[in-house]
Amino acid sequence: MNRKFKTAGAPHFPPQTTVTRVMLQVLIALIPAIAAHVWFFGPGILFQITLAVGFAVGFEAMMLKARHQPVRLFLGDLSAVLTAVLFALCIPPLAPWWISLIGMLFAIVVAKHLYGGLGNNLFNPAMVGYVVVLISFPQAMTAWLPPVAIAPVPLGIMDTLAAILGGKLPGDLTWDAITGATPLDLIRTSVASGEMISEARSSPVFGDFGGLGWEWIANWYAVGGIWLLWRRVIGWHVPVTMIGSVLLLGLIAWLTDPGSNPSPLQHVFSGALMIGAFFIATDPVSGCASTRGRLIFGAGVGIITLVIRRWGGYPDGVAFAVLLMNMAAPLIDRYTRPRIFGR
Amino acid sequence: MRDHLVNEARKAGERLHHFHGGLRLRHNKKISCTTPVEKVPLATRYFVPLLQQTGREAKALVSTGQKILKGDPIGSFAHLGSGYVHAPTSGIVTAIARHPNSHPSGEDGACIVIKPDGLDQWKPLQPIENWEQAEPGLLRQKIQESGIVGLGGAVFPTAYKVGEASLRGIHTLILNGSECEPYISCDEMLMREQPQSIILGARILQRAIGAERTIIAIEDQMGAVHASLSGAVEQSGATEIDIVQVTTIYPEGGEKQLVQVLTGLEIPSGGRPTDLGLLCQNVATATAVARAVVEDKPLIERIVTVTGNGVRRPRNLMAQLGTPIANLVDQCGGYTGDAARLILGGPMMGYALSSDSNPVIKAANCILVLTESDIQPPQPEMPCIRCGECARVCPSMLLPQQLDWSIRNDLWEEASDLGLADCIECGCCDFVCPSHIPLVDWFRFGKAELQLLAAEREQAEAARKRFEAREARLQRLELERKQRIAEKKRALGSANDKRKKIAAAVERARSGKGGGS
Ligand code: SF4
Ligand code: SF4
C-alpha cells in the first residue's frame, strides 16, 4: 500500500556540528594554558574560573528567564562558560571574588543580553567585563602574583582560597610582599622613567623573550590555537594578521630605538597577546565575518595593542584594542564584502 | 566583451581550475552500482503529470476514454519553446485528474491517468534517416517534438536551450557527467552501459547547435566510465570529442561550477553558458536526443537511482515516466524497517516527498530513502554566531548569513544587492552551519518573494501606465472638447458676425434706400 512520509527542507543530513561543539572545542583548547597557569602561578586560576563560571551561568539563566528564552538550550551552548573562562584567565589569580561577580555582571547581563543575547552582541563580553573591572578597580587588578618559582612565599590551596574569598593572607604577609608588577608593567614604568628596556629586563620576572612563566602560558595558548586552526574551529586570518602586525611594527620600533622599545618577541609573548590572537579576537560574533574583514580586524587589534602599550595609559592594550575593533567591525564588514560570483 | 570571453572559453578543458567553496562529501554511490540497470515492468496505472518542466502546466491533448499508443503526445506546453508530454505505454486514458505530483512545490497537479493495455505498442515511428546530412533545424524540431528536457534535474526544455544556442553561436558543447551529489549514480550507470548512445547524442547535438567540439566531463572517481566512453568515442570515429575528469567536490556538477572548472571563467551574474559560447547538457539528455532522432522515440523513460539505507536492495532502474514510485521501491526489495524520509533527488538539493504514490517524472534522477539515523531528530535552530563558515563554502561567493538576515528583516533591496538571485541553492551553507539555520529554505522563500515583488512592481507599473494613459486620454478629451467649444464659439462667432454683417447690410440697404445714394 502507499506509504506516507514526513517532509523537510534540503539538505537532508544530520547536523554536522553545533554551537555547543564549537564552544566546547575552544574550551578544550584552553586546557593546556590553564594547566601552565597553575604550574607557574599556583591554583588561584582554578578558583577564579570556578567563580566566574558560577556567576556567568547564574546571570545567563536569569537573563534568559527574563527574556523568555529557553534556558536549557542556551545554557547548553556553553558560550557563557567560555566567556567566564576567558575572563578568569585575564584577571590576577588572587583577585577578590567580587571582581568576577562584577565582571560577569557586565559581560553577561550588559554586553551580551542587553544587546540581544548570543550572536547579537556588538562587543566581546569577556573583554567588556575585564575592562570594566580594570578601570574600576585598578588596585585589585594589578596585584599580580610573581611566578611560583621566584615567589617569596608560595601560597597553598587553602591560603589562596582565603585570599580570594576573604582577602586574608596567611601569617603576617602583606599584599605588597607577595604580589608584584607584571613584565609589561615594568616595561611601562621603565620607559616612562626614561630607563633603558635592558635595565628593566634584568628583573627576575622576565624570561627568555617574554615574562617568566608568561611566555610558557603564551606558548600553550598558541598550541591550543593551532589545534583550533587544524580543527577548523577558527580561521587563520585573525591570529596571523594580529601576531604578524605586532611582530612587524614591533620590529620596526625595536630596530629604530632598541633602548625604549622591547623586542617584538617580548611583545608577542607577554600579556594577553597570544590568548587575544587565538581566543579573543577570533570571537566570531563580535568580529568581522568576511575574509578580508578578518584580515583587517586582526591587524587592527595588533596595531592598537602596540600603540596602547607604547603610549596608552595601560601596560597591556589587547582588551581595549579588541573592543575598539569590535566597534569598527560592522563598518569593515560593509566595505569588505566579497565579490559575488560572475559580477 | 562577449567576444573576449568566448575566445577565452575556447580553451575549455585544457587545464582544470578551482571554484570557491564547496564540500567534500561522502559519496555513497557504490551501493547502487553493483547490479546492471533493470527495467521496471508495466505498472497497472500510470500517472503522467502535465507539469514536468520549467514553466507552467501543459495542456492535455487527450480526453478521458481515449485510446493511445506508446509515444503519442498527450500534453503540450506553450512556454519556453514549447514541448510535449508523451504516453509511456499504450492503453486507455481513464482520467485527467489532480494527483500528487513529484514537484518541488509539493502541490498536487493535473495528471493524465493511463490504464495500460499490456501490449506496449509504439506509435508509428518516423526516425530521421541519415541525421549526419539532416538540416540542423530539423534536428532541433525533433528534439522539441520529443519532449526532451535537461535530465540532470533542472528540467529546462532542451529545445529552448538548443534554439538559443544555435542563434548565439556556440563553439563547445559540454556534456555533464559529473553527478556531484552523493548517492546518485544514474548517469554513471548510463555512461557505463550506453556510452555509444551518449556519443551519438553528443554528435547530433553538436550538429544541431553548430558547435565545433564536445567535452564530456566526468568525475575522477568514476573509474570504469572513462574507459567505456573513450571506447565509444573511438568506435564512432569522432575526433572532436574529449573526455575530461574533474575532481569530485560538491557542487562541481552545477553548471556554473563546471564551466568554471573547465575554463577558469565565471558565467556573468544573470547570464548563461551561451555568454561564453558554451552549451551544457546532461549526458542523459544526450541519449534522449539520440533516441529521439535515430529512433523517433520521445522521452518517456529514464534511469532512476533507487538507493539509501531505507531501501533493501539499492540499484538503478529504467522506469517509464508516470510509474508510481512505490513500484520502483518494491522492485528494490521494499523499505527497510527504519525508512524515514523519501527524497526525490540527492540529499543536498532533493526535495522530500510526502507519499510514494507520487509518479516518476522527467526530473527524477534519484529516489533516496533515508533512515532515522541518517537524519537524526532535527537540532533546534540557534542564533547565528557569525562564524563565517557559510561564506567559506558558498560557491557563489555570497554571504549567506547576511542574506538570511536581510530576508528575515524584509530588506529586499539589500537581499538583491547581496546576490540572492545568484544563489544556486546548493545547500553547502546550510550543511556547515553550526546554528542549524535553515538557510536554503529561507533563500528559496526569499527568491519566491522577490519574484512576487517584481510581479507586483510590474503590475503597479502597468497600473500606473494605465492610469497615466487614462489621464492623458481624459486630458486629450478635455482639450478636444475645449477646442471644439472654442471652434464652435468661433464658428458661432463668425455666424454671429455673418448675421451681424447681414443685418448691417440689410440696415445699410434700408438706410440706403431711405437715404440718398
Ligand atoms: S554558518 Fe550559520 S552560524 Fe555561521 S555565520 Fe553562517 S549562518 Fe551564522
Ligand atoms: S545555497 Fe546559495 S548561499 Fe548557500 S552555499 Fe549554496 S549558493 Fe551559497
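The values are calculated or read from the model by the stated rules, or taken from the named source; none is laboratory data. Since the structure is predicted, the reported quantities are computational estimates derived from the model, not experimental observations. With ideal geometry, Cβ positions are generated from the backbone for all residues, glycine too; neighbour counts draw on all protein chains shown. Surface areas here come from the heavy atoms of the whole protein model, side chains and all, with no ligands, DNA or RNA. Shrake-Rupley method; radii C 1.70, N 1.55, O 1.52, S 1.80 Å.
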* Give the Rg (one decimal place) followed by the Dmax (whole number) of the stretch B:380-517, computed from C-alpha coordinates and expressed in Å. => 37.4, 120
* To do: Assuming R0 = 30 Å, can you tell me the calculated FRET efficiency for the pair A:Arg339 and A:Arg232, based on Cβ-Cβ distance, to the nearest 0.05?
  => 0.80
* Rounded Å value of the spacing that divides the Cα centres of the stretch B:59-113 and the stretch A:233-279 -> 71
* **the stretch B:289-344: Rg to Rh, with Rh as the Kirkwood radius over Cα pairs** => 1.11
* To do: Averaging sequence separations of C-alpha pairs under 8 Å and six or more residues apart, then dividing by the length of the stretch B:2-307, give the relative contact order as a whole percent.
  => 25
* Structure fact -> Placing each pseudo-label 7 Å from Cα in the direction of the beta carbon, B:Ser236 and B:Ala224 end up separated by a distance in nanometres of 2.1
* Structure fact -> Heavy-atom accessible area per residue of chain A, all protein chains kept, 1.4 Å probe, expressed in Å², is 43
* **Computed Rg/Rh of the stretch B:144-272, alpha carbon atoms with Kirkwood Rh** => 0.94
* Whole-angstrom Cα spans of the stretch A:228-292 along principal axes, big to small -> 40, 22, 21
* Structure fact -> Fraction of alpha-carbon pairs in the protein assembly as shown farther than 36 Å apart, rounded to whole percent, equals 60
* Asked: Per residue of A:233-245, how many C-beta atoms from partner chains lie within 10 Å of its own C-beta, taken as a mean?
  -> 1
* Alpha-carbon Rg with Dmax, taken over the stretch A:18-155, Å -> 15.3, 52
* Asked: For the stretch A:281-291, in order, what is each residue's ³J(HN,Hα) by Karplus, 6.51 cos²θ - 1.76 cosθ + 1.60 with θ = phi - 60°, in whole Hz (x at glycine and Pro)?
  -> 5, 8, 4, x, 4, 9, x, 8, 9, 7, 4
* For chain B, what D do you get in µm² per second when you plug the Kirkwood radius from alpha-carbon pairs into Stokes-Einstein at 37 °C and 0.692 mPa s? -> 127
* Alpha-carbon Rg/Rh ratio, for the stretch A:180-333, with Rh computed the Kirkwood way -> 0.98
* What's the center-to-center distance, using Cα atoms, between the stretch B:405-457 and the stretch A:1-62 in Å? -> 30
* Structure fact -> With the 1.4 Å probe rolled over protein heavy atoms, the stretch B:2-307 has an accessible area per residue in Å² of 39
* Cα→Cβ-extended label distance, 7 Å offset, between B:Glu372 and B:Phe467, nm -> 5.9
* Quick one: which residues, 5+ away or cross-chain, put their amide H under 5 Å from the amide H of B:Cys366? H built at 1.01 Å from N. => B:Thr305, B:Gly345
* Local charge sum around A:Tyr221 (other residues, Cβ-Cβ under 15 Å, Lys/Arg +1, Asp/Glu -1)? -> -3
* Structure fact -> So, relative contact order of chain B in percent, Cα under 8 Å, 6 or more apart, is 17
* Residues along the stretch B:392-417 losing 40 Å² or more of accessible surface when the other protein chains are present rather than the chain by itself (probe 1.4 Å) -> B:Met397, B:Leu399
* To do: Could you tell me which of the pairs A:Lys65/A:Lys168; A:Lys6/B:Lys39; B:Lys29/B:Lys362; B:Lys256/B:Lys362 are separated by over 27 angstrom between their Cα atoms in the structure shown?
  => A:Lys65/A:Lys168; A:Lys6/B:Lys39
* Structure fact -> In order over the stretch A:332-342: 3J(HN,Hα) from phi, Karplus 6.51/-1.76/1.60, θ = phi - 60°, whole Hz, x for each Gly or Pro, gives 4, 4, 4, 8, 10, 4, x, 5, 6, 3, x
* Orientation-averaged projected area, Cα convex hull of the stretch B:2-307 (nm²) -> 15.8
* Asked: FRET efficiency for B:Leu453 and B:Glu381, Cβ-Cβ distance as r, R0 = 30 Å, nearest 0.05?
  -> 0.70
* Asked: Using the scaling law 2.2 N^0.38 Å as the reference, what is the normalised Cα Rg of chain A?
  -> 1.06
* Ranked by accessible surface with a 1.4 Å probe, highest first, in what order do B:Tyr46, B:Tyr160 come? -> B:Tyr160, B:Tyr46
* Only helical DSSP H runs with n ≥ 4 go in: add -39500 (n - 2.57) per run for the protein assembly as shown, normalise by residue count and round the 222 nm mean residue ellipticity to 500 deg cm²/dmol. => -14500 deg cm²/dmol
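Roughly to the nearest percent, how much of the accessible area of chain A is carbon and sulfur, given a 1.4 Å probe?
69
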* Return the distance in nm (one decimal) between the two label points of a simple spin-label model at B:Arg476 and B:Thr94, each offset 7 Å from Cα along Cα→Cβ. => 6.0
* Asked: What are the ³J(HN,Hα) values, in whole Hz, obtained from phi via the Karplus relation 6.51 cos²θ - 1.76 cosθ + 1.60 with θ = phi - 60°, for each residue of the stretch B:21-30 in sequence order, with x given for Gly and Pro?
  -> x, x, 9, 9, 10, 5, 7, 6, 8, 4
* **Largest-first ordering by accessible area, 1.4 Å probe, given options A:Thr174, A:Thr20, A:Thr282** => A:Thr174, A:Thr20, A:Thr282
* Asked: Accessible surface of A:Asp172 in the full protein assembly, 1.4 angstrom probe, to the nearest 10 Å²?
  -> 140
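Quick one: with all protein chains in place, what share of the accessible area of the stretch B:2-307 is carbon or sulfur, to the nearest percent (1.4 Å probe)?
50
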* To do: Report the relative contact order of the stretch B:1-81, percent, no decimals, based on alpha-carbon pairs under 8 angstrom and at least 6 residues apart.
  => 19
* **Cα long-axis angle, helix B:283-295 against chain B (0 to 90 degrees, to the nearest 10)** => 80
* Nearest 100 Å² is fine: how much accessible area is buried between A and B, summed over both sides, with a 1.4 Å probe? => 4400
